[in-house]
Structure formats: structure tokens, C-alpha cells
Amino acid sequence: MEESHIFKKRWKIIKDQFYKGQNCIIFGANSFVGKTISKFLAQKNVNLGLIDLDSHKNSGDVDNLKKYNEVIYKIVKSGNKDNIIDAVEGIYSYFGDINYLICSYYIDDVKRNIKPEDLSLETWDYLFQDWIVNYFLVLKAVVPLMIQAESGRVVFFNTTNGYTGEGEGEGDITLNGSIHESACSSGITGMMTSIAADIIPQGVSVNGIALGPNYKNDPKRIIWTVNLWLSGLGEYSCGQILRLY
Amino acid sequence: MKKKNVSYEEKESLKGKVTLVTGATGGIGSAICKRFAELGSFVYICDIKSTVELANYINEQYEEPRSMSVPCDISSKVKVKDMYQKISKEKEGVDILINNAAVHGKGDFPEISYDEFLKTIKIDLSGAMYCTLMAIPYMKKNRWGRILFTGAPLSSSGIPCPYLAGKSGFIGLAKYISKKYKEYDIRTFTLVLRHCDTPMIRRVMKARGVDVEKGIEELNKKSRTGKMITPKEVAEIYVYFSLAKSPKINGLTLLSDGGITYL
């Protein structure tokens with residue numbers, strides 16, 4: 001066997017062992033990103049606690065994931081604090097310590113349902129609650145458990161339609177969405193940066209991924225980036241957001 | 001009635017423009033209102049607190065009224081809609097919107113309560129979104145508009161998450177609008193501040209039992225320029241942007257932190 005093949009084989013074993021038996025909560029499980037990551041992590045024998053908003057529920061894929069490993073599926077009402085705490089506590093009481101939290105959102109729905117010319121205040125209220133408020137509530141339920149365990153990794157998603165911060169994230173914003181999406185996505189950048197500053201010293205890493213207009217064309221890039229943030233290789237990239245144009 | 005002494009070049013340079021300033025009774029907001037009125041703009045003074053005193057003060061300086069008090073809780077979309085209805089009856093619409101209102105919020109994550117989070121972010125982000133969304137249709141119709149934001153750097157440490165969500169939201173919002181509506185000559189600008197020598201900063205120090213003069217001296221020392229930016233200087237930057245002729249002056253984010261972030 002050639003040396004490079006041996007290396008590849010070893011590396012595959014290391015990667016597979018790395019994830020085995022870890023526990024992960026995925027919020028927004030029925031989004032394209034949620035499904036992609038669920039499948040990837042299930043194949044790596046990660047126990048999955050999947051959470052969806054009741055407006056996006058679809059448990060069809062859960063059975064497929066169960067053939068790989070343990071999966072719990074919870075439906076919550078948007079903006080309902082008690083509902084989200086119950087869902088997280090249910091997953092925690094079954095799996096134990098939560099190692100990873102993935103905060104995803106139903107970007108496709110936003111792009112499909114909110115037209116770029118929409119300037120209504122009501123649309124803002126809907127997206128603000130569905131995206132920003134729910135991210136906050138899920139984090140508020142999960143992060144104390146990670147702090148208690150002195151370990152955890154949070155990966156969140158927003159889009160290149162909004163501001164993604166300084167450093168690598170600095171770059172042009174894309175116009176592939178509405179003004180509401182842009183403001184929401186930009187707000188998430190600030191919210192997560194502040195949260196990162198507060199919780200990284202307590203052992204919980206926080207990094208993000210900004211989805212570009214064509215993110216569905218190459219899901220492998222999403223997996224590559226999730227791998228980077230979950231593996232610990234990005235441990236010193238505190239609060240950074242990689243832009244997947 | 002007194003007449004304000006302004007230089008020939010700048011006199012009336014904003015005449016005919018209607019400006020709406022949120023968070024108008026604070027140190028920065030009131031300086032902006034006074035300066036824009038001085039340059040001939042009609043200024044709607046918006047704050048959750050009463051703004052009558054400031055409006056009266058401004059109007060006393062000139063022969064004709066140059067300001068109007070529009071107290072409003074911008075976290076309520078109904079109240080923002082009412083405020084714009086009043087403005088559109090009197091002046092058709094807003095030419096220059098200055099999104100300056102913000103509350104700081106209290107608490108690190110994850111200790112910060114849900115109620116505190118919601119209360120803060122609804123003013124800091126939703127309030128600015130409401131005002132901006134209501135301003136754009138008239139600006140589009142009029143094919144002219146300026147939307148300005150008072151931001152904060154992401155690198156600011158110890159800032160509660162809902163506050164930074166609002167400030168970061170401003171930067172993205174400004175960049176998006178600058179691209180999306182450039183054909184309507186709607187331009188945006190974000191001034192990113194770290195510390196500003198406002199009465200509020202002195203009040204906060206006093207409330208925390210800090211010697212105010214020493215505290216101010218320390219903040220001034222932190223800055224590479226040896227002093228914090230003042231509200232009057234902030235107002236000048238906003239005027240400078242509002243009067244910029246080049247269409248390329250659009251979507252800019254100006255970091256005015258005295259070099260604290262990068263130097």
C-alpha cells in the first residue's frame with residue numbers, strides 16, 4: 001500500500017473515532033443545512049437531539065438517521081421559552097452532556113417567502129422572532145449545560161446577505177435576500193460575537209458559517225467547515241464566521 | 001428672537017431637508033438635532049423621553065420653527081407607524097434618518113434574562129428596523145435619502161449580546177441598503193464609536209461610584225488621540241456625510257474609536 005493511502009486510512013479512523021458517542025443538538029433540523037449535518041454526524045455515530053420549529057416540522061428523515069445511531073426529535077413553538085427549555089432538558093436527560101450545538105435556520109424558506117421588495121414591519125417581527133430570538137433561547141438553554149461540563153462547541157449559521165464581522169469575515173455582502181434577512185443575519189453576527197466573548201473563557205467555543213447564494217451546490221463545503229469548528233482545529237478562531245460564497 | 005451665527009458656506013446647506021433623529025435627548029442625539037437645525041434642516045426629535053424642551057430650545061434660536069417633538073417608544077411598531085403618519089401629514093416624509101437610539105442592557109451571557117434580552121434588542125435592532133422600513137418608501141419616491149447609524153465595534157468587550165446585535169445589525173443594514181437602493185440615491189453611513197464624551201458616560205461613572213474626572217481622564221488616555229470623540233464632533237461627521245456629493249460615498253462604516261481597536 002502506498003504511504004499516502006495509509007495516511008488517508010489512518011486519518012479516516014481518527015476522524016471516525018473522534019465523533020463516536022458524542023452528543024449533539026441541532027436546532028433547525030429540517031432545514032437543508034440541518035439535514036446535511038444530521039446525516040453526516042449520524043454516520044459518524046454521534047447521538048442527535050434534533051429540534052425543529054412546529055412551523056417546519058417533518059420527522060420523515062429521523063427514521064433514516066436512527067439506523068446509524070440514537071436520535072431524539074423535538075418540536076417547539078417559536079419564541080416559547082419554556083417549550084425550548086423542555087426540549088433541551090429532554091435531550092440532556094436522555095443523552096447526558098451536550099458536546100455540540102448547531103444553530104441552523106430555514107434560509108430557503110426566508111428566500112422563498114420574503115420578497116426583496118417587502119418592506120413591511122410585520123415581516124421583520126416574524127423573522128426576528130423565528131431566527132434571532134430562537135437562537136438566543138436555544139443557546140440560553142444549552143450553554144449553561146456546556147459550562148457545567150466545562151466543554152462544548154457551538155456552531156451557528158447566518159448568511160453572506162448580512163454583515164459577518166471583521167477578520168476573515170470582512171467582505172462584501174451579497175444581495176441574494178431581503179432587507180429583513182440582511183438585518184437579522186447581521187444582528188446574529190453581533191449577538192454571537194458578544195456571546196462568544198462571554199462563554200469562550202468558560203470552555204465553550206463559538207464559531208459561525210455564513211451561507212452564500214449558492215450554498216446548496218456544494219454541501220461538502222458546509223461539512224468541511226462544520227468539521228473545522230467541531231474538531232477543535234478552530235479553537236483559537238474565537239467568534240469567527242467563515243463565508244461560503 | 002436670537003439668530004444663530006453660522007458661516008456663509010454652511011448656512012442653510014440642509015434647508016428643505018427633513019431629518020428624524022432617534023435617541024435624540026442623549027448627548028449625541030441632542031448635538032445632532034441642534035447642528036442639523038442650525039444648517040436649515042427641519043428636525044423631528046424622537047426619544048422615549050419628552051423632547052419638548054429640546055425642541056423649544058432649538059426653535060428659540062431661529063425666526064421660524066426648525067424642530068418638532070415626536071416622543072415615541074420605537075420598540076413598538078404601532079407607535080413608529082403613528083409617528084411616521086404624523087410626519088407624513090406635516091412634511092410628506094423623512095429625507096435624513098439618523099438611527100441613534102440604543103439602550104445598553106445588563107448582563108453577561110448566559111446570565112442575562114430573556115426579558116432583558118428582548119427589551120434591549122427590541123429598541124436597539126427592531127426599533128431601527130421599524131424606522132428604516134418606514135422611511136424607505138418616501139425616499140424611493142423622492143429619489144433621495146440618507147440613513148445614518150450610530151454603531152459600535154464588534155471587538156468591544158463586555159457589551160451585552162442584545163446591544164451588540166443591534167449595533168452589528170446596523171452595519172449590515174447600512175451595507176445592504178447602500179447597494180439595494182443606490183439607484184434611488186438612498187445612501188447610508190455607519191459611524192462606529194467606542195467611547196464618546198457624553199453626559200451619560202459621566203452619569204454611569206457616578207452611579208458606579210467612580211470618580212468622574214479620573215474616569216474621563218482614563219478613557220481619554222486609552223485613546224491614541226489623547227481624548228474621546230465629543231457629541232459635537234459626531235454631529236459634524238453626520239453633517240459631512242449628509243452633504244457629500246459623490247454617489248460613491250455610500251455604505252461606509254467609519255471607525256472613530258481613537259485607534260483603540262487596532263493600534
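The values are calculated or read from the model by the stated rules, or taken from the named source; none is laboratory data. What you see is a predicted model; the values in this text were computed from it and never measured. So basically every Cβ, Gly included, is an ideal-geometry build from the backbone, and we count neighbours across all protein chains shown. Ligands, DNA and RNA are excluded from the accessible area calculation, which covers all protein heavy atoms including side chains. Shrake-Rupley method; radii C 1.70, N 1.55, O 1.52, S 1.80 Å.
Residues of the range B:137-160 that are over 30 Å from B:Glu92 (Cβ atoms) and either at pLDDT below 90 or in contact with a strand residue (DSSP E or B) (Cβ under 7 Å, 6 or more places away or on another chain) (or both): B:Ala152, B:Pro153, B:Leu154, B:Ser155, B:Ser156, B:Ser157, B:Gly158, B:Ile159. Restricting attention to the range A:193-217 and to residues that are touching a strand residue (DSSP E or B) at 6+ places or on another chain (Cβ under 8 Å) and farther than 23 Å from B:Asp108 by Cβ, the residue that is farthest from the other protein chains (Cβ to nearest Cβ) turns out to be A:Tyr215.
Have a look at B:Lys122, B:Lys167 and point out the one that is touching a Pro at 6+ places or on another chain (Cβ under 9 Å), assigned to a helix (DSSP H, G or I), under 30 Å from A:Val142 (Cα atoms) and more than 8 Å from chain A (Cβ to nearest Cβ). I'd like the intermediate steps shown before the answer.
Details: B:Lys167 fails: more than 8 Å from chain A (Cβ to nearest Cβ).
One residue alone meets the criteria, B:Lys122.
Among the residues of the range B:246-263, those identified as touching a residue at least 12 places away in the same chain (Cβ under 8 Å) and either part of a loop (DSSP other than H, G, I, E, B) or of a type in the set (Lys, Arg) (or both) are B:Pro247, B:Ile249, B:Asn250, B:Gly251, B:Asp257, B:Gly258, B:Gly259, B:Ile260, B:Thr261, B:Leu263.
Got a number for residues in the range B:65-97 being in a helix (DSSP H, G or I) and among the charged types (D, E, K, R)?
Of all residues in the range B:65-97, those in a helix (DSSP H, G or I) come to B:77-91.
Adding the requirement that they be among the charged types (D, E, K, R) leaves B:77, B:79, B:81-82, B:86, B:89-91.
Result for the range B:65-97: 8.
For B:Ser76, indicate whether it is at pLDDT below 95, under 23 Å from B:Gly172 (Cα atoms) and polar (S, T, N, Q). Let's see the steps before the verdict.
Details: at pLDDT below 95: no; under 23 Å from B:Gly172 (Cα atoms): yes; polar (S, T, N, Q): yes.
Answer is no for this residue.
Given the criteria loosely packed, with under 15 Cβ neighbours inside 10 Å, in the same structural domain as B:Thr120 (by TED's automatic domain parsing) and not polar (S, T, N, Q), does B:Glu217 qualify? Working first, answer last.
Details: loosely packed, with under 15 Cβ neighbours inside 10 Å: yes; in the same structural domain as B:Thr120 (by TED's automatic domain parsing): no; not polar (S, T, N, Q): yes.
No; evaluated as a whole, the condition is false for this residue.
Within the range A:82-141, can you find the residues that are among the hydroxyl-bearing types (Ser, Thr, Tyr) and free of Cβ contacts under 8 Å to residues at least 60 places away in the same chain?
Narrowing the range A:82-141 to residues among the hydroxyl-bearing types (Ser, Thr, Tyr): A:92-94, A:100, A:104-106, A:120, A:123, A:126, A:135.
Scanning the range A:82-141 gives A:Tyr92, A:Ser93, A:Tyr94, A:Ser120, A:Thr123, A:Tyr126.
Scan the range B:165-203 residue by residue and report those that are in contact with a helix residue (DSSP H, G or I) (Cβ under 8 Å, 6 or more places away or on another chain), basic (Lys, Arg), touching a residue at least 60 places away in the same chain (Cβ under 8 Å) and closer than 24 Å to B:Met228 by Cα. Scanning the range B:165-203 gives a single hit, B:Lys167. Residues in the range B:221-245 that are open to solvent by less than 50 Å² (accessible area, probe 1.4 Å) and not in a helix (DSSP H, G or I): B:Ser223, B:Gly226, B:Met228, B:Ile229, B:Thr230, B:Ala244.
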